[in-house]
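*Asks:* The following block contains the structure, expressed as structure tokens.
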Amino acid sequence: MSALSLVVRDSNTMLRRNLLHARRYPSLTLNLLLTPVMMLLLFVYIFGDVMSAGIGGGADRSEYIAYIVPGILMLTIGSTVIGAAVSVSTDMSEGIIARFRTMAIHRGSVLIGHVVGSVLQVLISLVIVGGVAAAIGFRSTDATALEWLAAFGLLALFALALTWIAVGMGLASPNAEAASNMAMPLILLPLISSAFIPADTMPGWFQPIAEYQPFTPAIETLRGLLLGTEIGHNGWLAVAWCVGLSALGYFWSKSLFERDPK
Amino acid sequence: MPSSVMPMSRKGEDGPPPAAISAVGLRKSFGDKTVLDGIDLHIPTGSVFALLGPNGAGKTTAVKILSTLITADAGELRVGGHDVATDPQAVRAAIGVTGQFSAVDGLITGEENMLLMADLQHLPRQEGRRMAAELLERFDLTDAAKKPASTYSGGMKRRLDLAMTLVGDPRIIFLDEPTTGLDPRSRHNMWQIIRELLADGVTVFLTTQYLEEADELADRIAVLNNGKIAAEGSAEELKRLIPGGHVRLRFTDPAVYHTAVAALREANRDDDALALRIPSDATQRELRSLLDWLDAAGIEADELSVHTPDLDDVFFALTGGTDKHKETAR
């Protein structure tokens, strides 16, 4: 069997194992899905009037719904990949991983299976959260088919990047609790991005924090694609963040996984 | 030995059969704690080798290294004819490992665990299903096949674990404490399974802390203590290493005890327990003459027991465990 077909075959086997886990025990995924849905409903229906006025929108909250949905979608990615950190960490404490390490399989397939499984879970979560957003009135303004495609591409790429980081966090943590704590920034970062309010309305000293982090350019790009706002340099910045974080997470995870297990 | 010499010695017709597992100068430390301090092993193909030792002796570390799970600090290691350091993937293709801690996926069913192994061994779908069903049947797990492995009892988990190891039909199997924590019936079942493996010509590397187990199963036994092989040989050879059996007399009355001590000068004394140990092969004839002599001397012990040497004696003698045989030998 060629090296490539070995990678594909073993990774596919590992992916099926992870999807089986997710299907049998959906509670973790569902819990993580609750956060973005709650946030969406909270900001729209409880804080919505003030927020809407704040961004110069009308009394009906539709403009604010349009404003925060791209941010909520990115936050969905951040919250769902926490599940990847937790399940990788749990998995590593299981004897079966030691068994995998003593088998003549592709070494990285365990991690690839987790990554692809997590990205698929993120995509399903995005469809659900997107469905809720559409149900409460979110509509894109004149997005072309190409722009929709780019939006999906961006979401998938961002999911891949954060998943690799989360997998690294899972491998670096001694247990599930530690993994969940370590992955907290992935859901905190969108709260201090331009997800809920524009970065230029924040205090001056804080603006760099909101600006120089992965979520803001990704959210701004998604907004531009779905709502026709100005994208500017954010597009390239978002892609650069995704590629950079993917590479960082990949090499970090790989080096952690190749250490001698305890 | 330079590796270029290896093929030559294998071609030699009178040379020893190629080893399934061999180690020369195996060393491993964790931090400043030396766990394996220069171990040599030579395990012929088709034999059962037992690595025996107390907790913490380094048994599991040896298995982890030889099964490519962790790397050695030093040593020339070959498994299935492949160098463990330079060609671990070839070693992995030749071996199966059942670790001390259950290596099953508890979240999925027994059958799914088996099919997972079949897929990872790259068996065609049909053959994988057939093999999984066959092994589940053989290990008496067919009824539980559709239940999550986390609901299995200890013995069932261990059987599933071993069944998973056998999916790829490995020729060399590592069993790290395969019966630790099992009840007697499950333990005997496991022994039977291991014997069947042997009948198939599989080489088994076994670790255990039970002497009975090594005695039952192994062709050769090595006693590991403090990172070194304290002794190696067949069970019989090991038993010959320690002095023969003895008869133990125990008394409750110190006065009677001291009379006996005075009469039996060659016996080993244990003043704390008021007991005497008389070296003896414990044959019927020898026992009768000993009893006659005790009667003649008017000594009546409150308790008399006969000890023949077993692997326990070897084990305690070699690993310095003294609690069981505390004696004031003077």
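The values are calculated or read from the model by the stated rules, or taken from the named source; none is laboratory data. Keep in mind that this is a model prediction, so the values were computed, not measured. Here the Cβ positions follow ideal geometry from the backbone for every residue, glycine too, while neighbour counts run over all protein chains shown.
*Asks:* Please give the number of the condition A:N31 fails out of (1) more than 14 Å from every other protein chain (Cβ to nearest Cβ); (2) in contact (Cβ under 8 Å) with a residue 40 or more places away in the chain.
*Replies:* With respect to (1) more than 14 Å from every other protein chain (Cβ to nearest Cβ); (2) in contact (Cβ under 8 Å) with a residue 40 or more places away in the chain, A:N31 is out only on (2).
*Asks:* Please state which of the following conditions A:P261 fails to meet, knowing it meets all the rest: (1) exposed (fewer than 14 other Cβ atoms within 10 Å of the Cβ); (2) more than 14 Å from every other protein chain (Cβ to nearest Cβ).
*Replies:* (2)
*Asks:* I've got another one for you. Could you grab the pairs with beta carbons closer than 7 Å, sequence gap of 6+ or different chains, first residue in the range A:99-118 and at the interface with chain B (Cβ under 9 Å from one of its Cβ atoms), second one polar (S, T, N, Q)?
*Replies:* Final answer for the pair search is A:T102/B:S67; A:T102/B:T68; A:A104/B:Q89; A:S109/A:S11.
*Asks:* What about A:L41, is it loosely packed, with under 15 Cβ neighbours inside 10 Å, touching a residue at least 60 places away in the same chain (Cβ under 8 Å) and over 30 Å from B:I108 (Cα atoms)? Steps first, please.
*Replies:* Numbers: loosely packed, with under 15 Cβ neighbours inside 10 Å: yes; touching a residue at least 60 places away in the same chain (Cβ under 8 Å): yes; over 30 Å from B:I108 (Cα atoms): yes.
Yes: the conditions hold for A:L41.
*Asks:* Now for a different question. State all residues of the range B:118-137 that are at the interface with chain A (Cβ under 8 Å from one of its Cβ atoms) and either closer than 13 Å to A:R16 by Cβ or in contact with a Cys (Cβ under 8 Å, 6 or more places away or on another chain) (or both); if no residue qualifies, say none.
*Replies:* We begin by selecting, within the range B:118-137, every residue at the interface with chain A (Cβ under 8 Å from one of its Cβ atoms); these are B:119-122.
Result: B:D119, B:L120.
*Asks:* Evaluate the range B:141-150: report whether one residue or more is more than 12 Å from chain A (Cβ to nearest Cβ), part of a helix (DSSP H, G or I), surrounded by fewer than 23 Cβ atoms within 10 Å (Cβ to Cβ) and among the polar types (S, T, N, Q).
*Replies:* no
*Asks:* Moving on to the next point. Are any residues in the range A:119-142 of a type in the set (A, V, I, L, M, F, W, C), part of a helix (DSSP H, G or I), within 26 Å of A:G48 (Cβ to Cβ) and touching a residue at least 60 places away in the same chain (Cβ under 8 Å), and if so, which ones?
*Replies:* Across the range A:119-142, the qualifying residues are A:I128, A:V129, A:V132, A:A133.
*Asks:* For A:G56, which of the numbered conditions (1) assigned to a helix (DSSP H, G or I); (2) among the small types (G, A, S); (3) more than 14 Å from chain B (Cβ to nearest Cβ) fails to hold?
*Replies:* So A:G56 meets the others, but not (1).
*Asks:* Checking A:M39 against (1) more than 14 Å from chain B (Cβ to nearest Cβ); (2) modelled with pLDDT of 90 or more; (3) more than 26 Å from A:A151 (Cα to Cα), which test does it fail?
*Replies:* (3)
*Asks:* Which one of the conditions (1) buried (at least 17 other Cβ atoms within 10 Å of the Cβ); (2) under 22 Å from A:L248 (Cα atoms); (3) of a type outside the set (D, E); (4) out of contact with any Leu (no Cβ under 7 Å at 6 or more places or on another chain) does A:G224 fail to meet, given that it meets all the rest?
*Replies:* (2)
*Asks:* So, restricting to strands (runs of 3 or more DSSP E) that lie completely within the range B:40-111, which ones have at least 2 residues that are within 8 Å of chain A (Cβ to nearest Cβ)?
*Replies:* On the way: elements: B:48-52, B:74-79, B:95-98.
Fully inside the range B:40-111 and qualifying: B:95-98.
*Asks:* Looking at (1) within 11 Å of chain A (Cβ to nearest Cβ); (2) under 27 Å from the mean Cα position of the chain (by Cα), which one does B:L175 not meet, given that it meets all the others?
*Replies:* (1)
*Asks:* Right, next: In this structure, is A:N12 touching a His at 6+ places or on another chain (Cβ under 7 Å), within 12 Å of chain B (Cβ to nearest Cβ) and part of a helix (DSSP H, G or I)? Talk me through it step by step, then tell me what you get.
*Replies:* Numbers: touching a His at 6+ places or on another chain (Cβ under 7 Å): no; within 12 Å of chain B (Cβ to nearest Cβ): yes; part of a helix (DSSP H, G or I): yes.
It is false that A:N12 is touching a His at 6+ places or on another chain (Cβ under 7 Å), within 12 Å of chain B (Cβ to nearest Cβ) and part of a helix (DSSP H, G or I).
*Asks:* Still on this structure, I have one more. Scan the range B:260-301 residue by residue and report those that are exposed (fewer than 13 other Cβ atoms within 10 Å of the Cβ), over 37 Å from the mean Cα position of the chain (by Cα) and in a loop (DSSP other than H, G, I, E, B).
*Replies:* Once the filter is applied, which keeps residues that are exposed (fewer than 13 other Cβ atoms within 10 Å of the Cβ), over 37 Å from the mean Cα position of the chain (by Cα) and in a loop (DSSP other than H, G, I, E, B), the range B:260-301 yields B:R265, B:G298.
*Asks:* Listed residues A:I219, A:I165; which is within 22 Å of A:N31 (Cβ to Cβ), in a helix (DSSP H, G or I) and β-branched (V, I, T)? Give the steps one after another, and end with the answer.
*Replies:* Numbers: A:I219 fails: within 22 Å of A:N31 (Cβ to Cβ).
Going through A:I219, A:I165 in turn, just one is within 22 Å of A:N31 (Cβ to Cβ), in a helix (DSSP H, G or I) and β-branched (V, I, T): A:I165.
*Asks:* Would you check if there is a residue in the range A:181-194 being touching a Leu at 6+ places or on another chain (Cβ under 6 Å) and part of a loop (DSSP other than H, G, I, E, B)?
*Replies:* No; the residues of the range A:181-194 include none that is touching a Leu at 6+ places or on another chain (Cβ under 6 Å) and part of a loop (DSSP other than H, G, I, E, B).
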